[in-house]
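The values are calculated or read from the model by the stated rules, or taken from the named source; none is laboratory data. This structure is a prediction, so every number in the text was calculated from the model and none was measured. Cβ coordinates were reconstructed from backbone atoms using ideal geometry, including for glycine residues, and neighbour counts include every protein chain displayed. Heavy atoms of the whole protein, side chains included, go into the accessibility calculation; ligands, DNA and RNA do not. Shrake-Rupley method; radii C 1.70, N 1.55, O 1.52, S 1.80 Å.
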Amino acid sequence: MPQITSALATGTTAPPTSPAPALKRRSRTTGERLQTVLFIASLGWLALLLVLMFVSMATPWLDPFQQDFGATKQAPGFAHPFGTDANGRDVLARTVAGAQNSFTVAAITLVVGAVTGSVIGIVCGYFRGWFDSVVGLALDTLMAFPALMLIILLVSFRGPSLWTIGGAIGLLMIPSFARVTRSITLSVRSREYVQAAVLIDTPTPRILLTAVLPAVAPVLVAYAFTAVTVGIVAEGSMSFLGYGLAAPAPSWGGIIAEGRTALAQAPWITLAPAATLTITVLAINVIGERFKEKRK
Amino acid sequence: MVRRAGRALCVLFLVALATMSLPLLLPGSAAVAVLGTNVSAAELAAFTSMHHLDANPLERLWMWVTGVLHGDLGTSIVSGASVAGELQARLPITVELVVLSQLLAILLAIPVALRAAWRPGSLLDRLSAGLSFVLLSIPGFVLGLALIFLFAVQLRILPATGWVGFAQDPVGHVQHLILPVLTLSLGEAAVYLRALRANAGEILVENYIHAARSRGMAPGRILRTRVLRSASLPLVTIVGINIGASFGGALIVETLFAIPGIGRLLSSSIAVRDYPVIESLAIIAALAVVVATVAVDLSYRIIDPRISHAANN
Amino acid sequence: MSLALTAPAIPVHAVPAVSVQELSLGFESNGKMTHVLEGVSFELAQGECLAIVGESGSGKSVLGRTILGVGSQPNSEHSQGAVLLSGDDQLTASAQERRSRAGTRVAMIYQDPMTSLNPTVRIWKQVIESISNRRRLSRREGRAKAVEMLRAVGVPDPERRIDAYPHEFSGGMMQRVGIAAAIAGNPDVLIADEPTTALDVTVQRKVLDLLDRIRRDSGMSMILITHDLGLLTGRADRTMVLYAGRVLEIGPTERITTAPAHPYTQRLLAAIPNVSGTLRRELPALDGGLPPLDRPRTGCPFASRCEIAMPQCHTERPPAVQLAPDHIAHCWAAADPAEGTAP
């Protein structure tokens with residue numbers, strides 16, 4: 001780099017040289033550009049899914065139940081971008097419908113797991129005492145159960161429904177959320193300004209709102225992204241194993257499982273929804289990572 | 001240390017108690033599942049009491065524990081087979097799967113993570129970070145399906161499903177192992193890679209690493225003896241925690257590849273409400289998790305002398 | 001107590017232990033270049049102790065590490081000039097060559113012994129690293145050598161202490177261990193990067209005395225990097241004053257501390273609190289800060305903070321003014337005594 005070397009080349013007794021121009025800041029590095037592209041692509045993908053879901057719900061197009069026995073196991077083409085399955089149903093339509101269910105489950109998971117878990121964590125961290133110990137033991141017990149087993153048990157016993165599945169997965173996330181929020185609450189609680197507020201009898205809800213919540217919120221949101229992806233993947237896995245929504249209700253895992261038998265002749269039945277699932281999870285992860293980066 | 005063990009035992013007890021309470025949640029369900037619905041109430045009741053399904057959970061726990069001491073883990077109310085016998089046949093298979101995939105994951109993750117940490121921002125660093133990010137996003141069963149599609153359907157070099165015992169057919173055994181183990185280990189490898197890379201990166205900027213280099217220590221030696229040692233602590237923790245999660249992964253993989261391990265046993269027994277099987281499996285699984293946690297705790301003290309030093313003072 | 005180290009024979013006209021010639025160093029990150037060192041030149045004779053004095057950001061630590069030759073980020077570093085270790089250039093040497101020299105020809109003593117010793121490795125293993133990194137030592141050999149080194153630096157009861165971990169020592173003891181580790185490979189040059197900054201005042205002196213003794217007994221050359229001028233008298237033969245990556249003044253310590261030529265050096269000396277002198281109301285402190293490091297300096301780097309700065313100080317690089325055979329100051333005022341102020 002001739003610019004730099006000329007700038008560095010100064011001798012002890014050399015006559016003064018005119019200063020070389022300073023290096024300007026390079027516009028974004030390739031890595032940064034790539035990350036931005038990925039971020040926008042992820043947002044775009046999710047937006048696309050939402051649009052398709054809306055179309056499926058509001059219009060007669062993309063009907064997941066419509067069977068066309070004249071066009072079974074058709075390869076992806078213009079009429080059926082994802083092809084058709086053994087019953088002549090449009091795979092794209094089924095995938096989109098499956099997305100609806102997956103997102104619903106993810107939302108339930110979030111509500112049950114994140115909200116409940118955080119509340120428990122904050123309460124435990126703030127008030128400590130016997131409640132904290134008892135809850136801690138209960139959560140440890142919950143965590144000792146192999147996760148999938150618990151979900152299967154619950155779903156088997158209560159029947160497969162969106163709420164059961166979402167609730168079960170959410171239940172299993174409670175310990176992680178509780179742990180994190182508890183430790184944050186503990187550290188906030190021990191700060192001097194909080195101790196001072198307690199001393200002057202500041203009402204507890206106020207302390208929680210103004211001191212604890214702002215500290216917990218960012219971490220919570222970051223975890224929420226993870227929770228959503230875990231929820232989607234767990235639902236997919238459960239449906240795949242047969243513990244998800246009952247047929248013919250479409251769920252990603254279920255569709256993937258159905259297409260398994262035709263993997264050799266009509267791979268798109270399985271692979272299209274599988275790819276959609278993966279890309280969706282990837283997109284959410286990318287957005288989550290971006291959020292974490294921005295927070296730093 | 002003692003407190004830890006005590007708490008672990010407590011947890012174990014609670015888990016066992018919870019599983020023993022399962023029959024009470026849905027009374028009569030097991031009887032219905034086994035005998036069918038065209039059976040009189042009396043017969044259902046008889047079945048229920050014969051298998052102690054209506055007994056107090058504590059009682060049932062007691063019976064189970066005393067049974068264990070005789071090597072008897074109960075009998076399946078569906079097939080009448082001994083639970084212990086089933087486990088003996090299936091447990092080794094699952095264990096083999098889990099252990100091999102964990103080993104592979106660690107073996108894959110360590111060299112890449114260390115190299116990447118030594119040269120931050122290098123191509124290896126960025127590629128491995130990107131690859132592990134993607135791998136983490138792929139659900140296990142999707143990865144398994146993709147592998148099956150690629151190797152079994154398209155390339156036809158590996159079997160898609162099934163299982164062969166090592167004694168019967170060593171080559172076939174290995175062939176059937178490859179895809180399931182790969183499925184399990186790739187995801188884990190991504191997790192380990194990330195964790196290790198982050199840890200190693202933090203360690204490498206420490207002053208004592210620079211000091212070691214100032215005495216002429218070669219990069220390889222630094223990474224192997226100094227960095228790995230310190231970074232292994234969090235890694236061990238993650239592996240320990242993963243033991244619990246790996247059961248779930250094994251379940252999926254066993255179902256996907258039709259492998260006769262305890263994962264499949266579990267799901268089938270739940271489906272038919274085979275409580276004795278469920279209970280034994282659940283307790284054993286919880287036991288494994290608890291043992292893993294305690295083991296992780298112990299290894300902490302071995303690896304980092306500061307911790308035991310502080311604990312002893 | 002003499003050290004079991006070999007003292008190299010010192011011929012009269014020997015190759016200097018360290019010779020830095022027009023060293024300029026810059027770090028690049030995110031497209032921006034930070035100029036850390038500019039045109040630094042000096043020599044260290046064998047057996048001599050040179051003190052490099054500078055405030056934070058002066059580049060003295062980077063200079064030390066460049067002489068050492070290891071531990072840098074090759075991709076982001078741009079360097080010019082030469083750094084000769086007994087005639088061998090560190091800048092043009094391969095990583096492997098530099099690594100082979102580290103510990104055996106040049107070694108470093110760090111500022112904070114707490115962080116520069118690995119907390120998970122026993123002391124004896126770390127002390128003999130300079131040797132064990134090159135050849136296989138049996139356990140017995142290694143431990144014996146470690147005992148020998150610990151004894152040489154004055155650690156009591158070395159046979160027992162070698163199995164200890166760093167956190168079991170006090171700060172002063174740990175620094176002795178660090179020194180032992182540095183000299184174990186019998187280097188020609190010792191670079192002590194602020195060896196006493198992290199220590200208690202009472203311990204500082206002992207550590208410096210130890211370094212003195214080692215130097216005299218073994219004939220090692222030493223570079224003492226510090227920001228504390230008060231440490232230098234009687235310990236460093238020559239002193240070099242570094243500011244914003246440039247050498248401002250270099251000469252015998254005696255002269256520098258009693259008759260400094262550069263305004264910066266004068267201010268530094270004036271700022272040393274004097275216990276025995278008259279009580280002053282304020283400590284004369286220096287206003288302002290370093291010039292921005294992201295562009296090459298024009299003129300004298302100290303110009304913006306200098307009391308006697310002249311217009312040309314800001315625009316033209318001051319020449320090297322030879323005030324005495326061994327004393328050089330880079331200052332316009334020194335070049336023209338009529339304009340400068342007496343210390």
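Kindly provide the set of residues from the stretch A:128-144 that are open to solvent by 70 Å² or more (accessible area, probe 1.4 Å) and within 9 Å of another protein chain (Cβ to nearest Cβ), ordered by number.
Filtering the stretch A:128-144 down to residues open to solvent by 70 Å² or more (accessible area, probe 1.4 Å) leaves A:128, A:130-131, A:133-134, A:143.
Residue satisfying the conditions is A:143 alone.
Kindly indicate whether any position in the stretch B:273-290 is in a loop (DSSP other than H, G, I, E, B) and under 27 Å from residue A:176 (Cβ atoms).
To start, the set of residues in the stretch B:273-290 that are in a loop (DSSP other than H, G, I, E, B) comprises B:273-274.
Now restrict to residues that are under 27 Å from residue A:176 (Cβ atoms): none.
Looking for residues that are in a loop (DSSP other than H, G, I, E, B) and under 27 Å from residue A:176 (Cβ atoms), one finds none in the stretch B:273-290, hence no.
Only one of these is within 26 Å of residue B:292 (Cβ to Cβ) and at pLDDT below 85: A:146, A:175, A:160. Name it.
Working: A:175 fails: at pLDDT below 85; A:160 fails: within 26 Å of residue B:292 (Cβ to Cβ).
None of the others qualify; the one that does is A:146.
Which residues, taken from the stretch C:297-339, are assigned to a loop (DSSP other than H, G, I, E, B) and open to solvent by less than 20 Å² (accessible area, probe 1.4 Å)?
First, pick out the residues of the stretch C:297-339 that are assigned to a loop (DSSP other than H, G, I, E, B): C:297-302, C:306-310, C:316-319, C:325-326, C:331, C:336-339.
Passing the criteria: C:299, C:300, C:301, C:302, C:318, C:331.
Test residue B:221 against the criterion of being in contact (Cβ under 8 Å) with a residue 12 or more places away in the chain and in a helix (DSSP H, G or I), and give yes or no. Explain how you work it out, then say what you get.
On the way: in contact (Cβ under 8 Å) with a residue 12 or more places away in the chain: no; in a helix (DSSP H, G or I): yes.
In short, no.
How many residues are more than 7 Å from chain C (Cβ to nearest Cβ) and surrounded by fewer than 18 Cβ atoms within 10 Å (Cβ to Cβ) when one looks only at the stretch B:222-232? Walk me through it before giving the result.
If we filter the stretch B:222-232 for residues that are more than 7 Å from chain C (Cβ to nearest Cβ), which is where we start, we get B:222-225, B:227-228, B:231-232.
Retained after the next criterion (residues that are surrounded by fewer than 18 Cβ atoms within 10 Å (Cβ to Cβ)): B:224-225.
Summing the residues that are more than 7 Å from chain C (Cβ to nearest Cβ) and surrounded by fewer than 18 Cβ atoms within 10 Å (Cβ to Cβ) in the stretch B:222-232 gives 2.
Provide a single number: the residues in the stretch C:109-136 that are open to solvent by less than 40 Å² (accessible area, probe 1.4 Å), more than 16 Å from residue C:179 (Cα to Cα) and in contact with a Gly (Cβ under 7 Å, 6 or more places away or on another chain).
Final tally of qualifying residues: 2.
Got a number for residues in the stretch C:169-180 being open to solvent by less than 30 Å² (accessible area, probe 1.4 Å) and in a loop (DSSP other than H, G, I, E, B)?
Residues that pass the stated criteria total 1.
Within the stretch A:229-256, restricting attention to residues that are open to solvent by 30 Å² or more (accessible area, probe 1.4 Å) and either more than 8 Å from chain B (Cβ to nearest Cβ) or not in a helix (DSSP H, G or I) (or both), which residue is modelled with the highest pLDDT?
Top of the filtered list is A:230.
Restricting attention to the stretch C:186-223, report how many residues are within 14 Å of chain B (Cβ to nearest Cβ) and open to solvent by less than 20 Å² (accessible area, probe 1.4 Å).
9
Given the condition within 14 Å of another protein chain (Cβ to nearest Cβ) and in contact with a helix residue (DSSP H, G or I) (Cβ under 7 Å, 6 or more places away or on another chain), answer yes or no: does some residue in the stretch B:164-173 qualify? Talk me through it step by step, then tell me what you get.
Initial filter on the stretch B:164-173 (within 14 Å of another protein chain (Cβ to nearest Cβ)): none.
No, because not a single residue in the stretch B:164-173 is within 14 Å of another protein chain (Cβ to nearest Cβ) and in contact with a helix residue (DSSP H, G or I) (Cβ under 7 Å, 6 or more places away or on another chain).
Being within 25 Å of the chain's Cα centre (by Cα), of a type outside the set (A, V, I, L, M, F, W, C) and more than 14 Å from every other protein chain (Cβ to nearest Cβ) is the requirement here; does residue C:88 meet it? Explain how you work it out, then say what you get.
Working: within 25 Å of the chain's Cα centre (by Cα): yes; of a type outside the set (A, V, I, L, M, F, W, C): yes; more than 14 Å from every other protein chain (Cβ to nearest Cβ): yes.
In short, yes.
Report, ordered by the first and then the second residue, all pairs with beta carbons closer than 6 Å, sequence separation of six or more or different chains, a first member in the stretch A:174-195 that is open to solvent by 50 Å² or more (accessible area, probe 1.4 Å), and a second member that is of a type in the set (Phe, Trp, Tyr) and modelled with pLDDT under 90.
A:189/A:126
With under 13 Å from the mean Cα position of the chain (by Cα) and either on the phi > 0 side of the Ramachandran plot or at pLDDT below 80 (or both) as the only criterion, which of B:250, B:245, B:286, B:271 stands out? Please lay out each step first, then the result.
Numbers: B:250 fails: either on the phi > 0 side of the Ramachandran plot or at pLDDT below 80 (or both); B:286 fails: either on the phi > 0 side of the Ramachandran plot or at pLDDT below 80 (or both); B:271 fails: under 13 Å from the mean Cα position of the chain (by Cα).
B:245 is the lone residue from the list that is under 13 Å from the mean Cα position of the chain (by Cα) and either on the phi > 0 side of the Ramachandran plot or at pLDDT below 80 (or both).
Kindly provide the set of residues from the stretch B:247-304 that are in contact with a Ser or Thr (Cβ under 7 Å, 6 or more places away or on another chain), farther than 21 Å from residue B:141 by Cα, β-branched (Val, Ile, Thr) and more than 8 Å from chain A (Cβ to nearest Cβ), ordered by number.
Listed by number, the residues that qualify are B:277, B:283, B:296, B:303.
In the stretch C:137-168, what count of residues is obtained for those that are open to solvent by 10 Å² or more (accessible area, probe 1.4 Å), in a loop (DSSP other than H, G, I, E, B) and under 29 Å from residue C:53 (Cα atoms)?
1
Given the residues C:134, C:105, C:161, C:205, which is the only one that is free of Cβ contacts under 8 Å to residues at least 24 places away in the same chain and of a type in the set (Lys, Arg)? Spell out the reasoning first.
Working: C:134 fails: free of Cβ contacts under 8 Å to residues at least 24 places away in the same chain; C:105 fails: free of Cβ contacts under 8 Å to residues at least 24 places away in the same chain; C:161 fails: free of Cβ contacts under 8 Å to residues at least 24 places away in the same chain.
Of the residues listed, the single one that is free of Cβ contacts under 8 Å to residues at least 24 places away in the same chain and of a type in the set (Lys, Arg) is C:205.
Can you say whether residue B:136 is within 12 Å of chain A (Cβ to nearest Cβ) and open to solvent by less than 30 Å² (accessible area, probe 1.4 Å), as far as the supplied structure shows?
Details: within 12 Å of chain A (Cβ to nearest Cβ): yes; open to solvent by less than 30 Å² (accessible area, probe 1.4 Å): no.
The answer is no for residue B:136.
Among the residues of the stretch B:141-155, is there at least one that is among the polar types (S, T, N, Q), in a helix (DSSP H, G or I) and in contact with a Gly (Cβ under 8 Å, 6 or more places away or on another chain)? Before you say what the answer is, go through the steps one by one.
If we filter the stretch B:141-155 for residues that are among the polar types (S, T, N, Q), which is where we start, we get B:154.
Next, only the ones that are in a helix (DSSP H, G or I) stay: B:154.
So of that shortlist, the ones also in contact with a Gly (Cβ under 8 Å, 6 or more places away or on another chain) come out as none.
Checked against the condition, which is being among the polar types (S, T, N, Q), in a helix (DSSP H, G or I) and in contact with a Gly (Cβ under 8 Å, 6 or more places away or on another chain), the stretch B:141-155 yields no hits at all.
Can you name the number of the only condition in (1) under 25 Å from the mean Cα position of the chain (by Cα); (2) assigned to a helix (DSSP H, G or I) that residue B:167 fails?
(2)
If you take just the helices (runs of 4 or more DSSP H) that sit entirely in the stretch A:96-161, which of them hold at least 3 residues that are over 30 Å from residue A:251 (Cα atoms)?
Values: elements: A:116-127, A:129-144, A:147-158.
Correct list: A:116-127, A:129-144.
With the condition kept exactly as written, say whether any residue in the stretch A:59-77 is within 14 Å of chain B (Cβ to nearest Cβ) and open to solvent by 30 Å² or more (accessible area, probe 1.4 Å). Show your work before the answer.
Here is the first cut: in the stretch A:59-77, the residues within 14 Å of chain B (Cβ to nearest Cβ) are none.
No, that holds for no residue.
Criterion first (at pLDDT 90 or above and in a helix (DSSP H, G or I)) does residue B:231 satisfy it? If you could, list the steps in order and put the result at the bottom.
Details: at pLDDT 90 or above: no; in a helix (DSSP H, G or I): yes.
Considered against the rule, which asks whether it is at pLDDT 90 or above and in a helix (DSSP H, G or I), residue B:231 comes out as no.
For residue B:188, indicate whether it is under 25 Å from residue B:115 (Cβ atoms), part of a helix (DSSP H, G or I), open to solvent by 40 Å² or more (accessible area, probe 1.4 Å) and acidic (Asp, Glu). Write out each step before concluding.
Working: under 25 Å from residue B:115 (Cβ atoms): yes; part of a helix (DSSP H, G or I): yes; open to solvent by 40 Å² or more (accessible area, probe 1.4 Å): no; acidic (Asp, Glu): yes.
For residue B:188, the condition - under 25 Å from residue B:115 (Cβ atoms), part of a helix (DSSP H, G or I), open to solvent by 40 Å² or more (accessible area, probe 1.4 Å) and acidic (Asp, Glu) - is not met.
Cβ-Cβ distance below 6 Å, separation of 6 or more or different chains: which pairs start in the stretch B:189-212 with a residue that is facing another protein chain (nearest Cβ under 10 Å) and end on one that is in a helix (DSSP H, G or I) and open to solvent by 40 Å² or more (accessible area, probe 1.4 Å)?
B:207/C:115
Regarding residue A:273, is this residue in a helix (DSSP H, G or I), more than 26 Å from residue A:149 (Cα to Cα), more than 9 Å from every other protein chain (Cβ to nearest Cβ) and not hydrophobic (A, V, I, L, M, F, W, C)? Before the answer, list the steps.
Details: in a helix (DSSP H, G or I): yes; more than 26 Å from residue A:149 (Cα to Cα): no; more than 9 Å from every other protein chain (Cβ to nearest Cβ): yes; not hydrophobic (A, V, I, L, M, F, W, C): yes.
No, not satisfied.
Just give me the residues in the stretch B:111-130 being out of contact with any Ser or Thr (no Cβ under 9 Å at 6 or more places or on another chain) and in a helix (DSSP H, G or I), in sequence order.
The answer is B:111, B:114, B:117, B:118, B:123, B:124, B:125, B:126, B:127, B:128, B:129, B:130.
Those residues that are assigned to a helix (DSSP H, G or I), of a type outside the set (Lys, Arg) and under 17 Å from residue C:253 (Cβ atoms), I need them from the stretch C:190-224; list them, please. Even if it seems obvious, please write down each step before you answer.
Going residue by residue through the stretch C:190-224, those that are assigned to a helix (DSSP H, G or I) are C:201-218.
Adding the requirement that they be of a type outside the set (Lys, Arg) leaves C:201-204, C:207-212, C:214, C:217-218.
Result: C:208, C:209, C:211, C:212.
Quick check: anything in the stretch A:145-167 in contact (Cβ under 8 Å) with a residue 12 or more places away in the chain, farther than 21 Å from residue A:106 by Cβ and open to solvent by 20 Å² or more (accessible area, probe 1.4 Å)?
In the first step, residues of the stretch A:145-167 are kept if they are in contact (Cβ under 8 Å) with a residue 12 or more places away in the chain; the result is A:147-148, A:150-152, A:154-156, A:160-163, A:165-167.
Keeping just the survivors that are farther than 21 Å from residue A:106 by Cβ gives A:156.
Cutting the leftovers down to open to solvent by 20 Å² or more (accessible area, probe 1.4 Å) gives us A:156.
Yes, the stretch A:145-167 contains a residue that is in contact (Cβ under 8 Å) with a residue 12 or more places away in the chain, farther than 21 Å from residue A:106 by Cβ and open to solvent by 20 Å² or more (accessible area, probe 1.4 Å).
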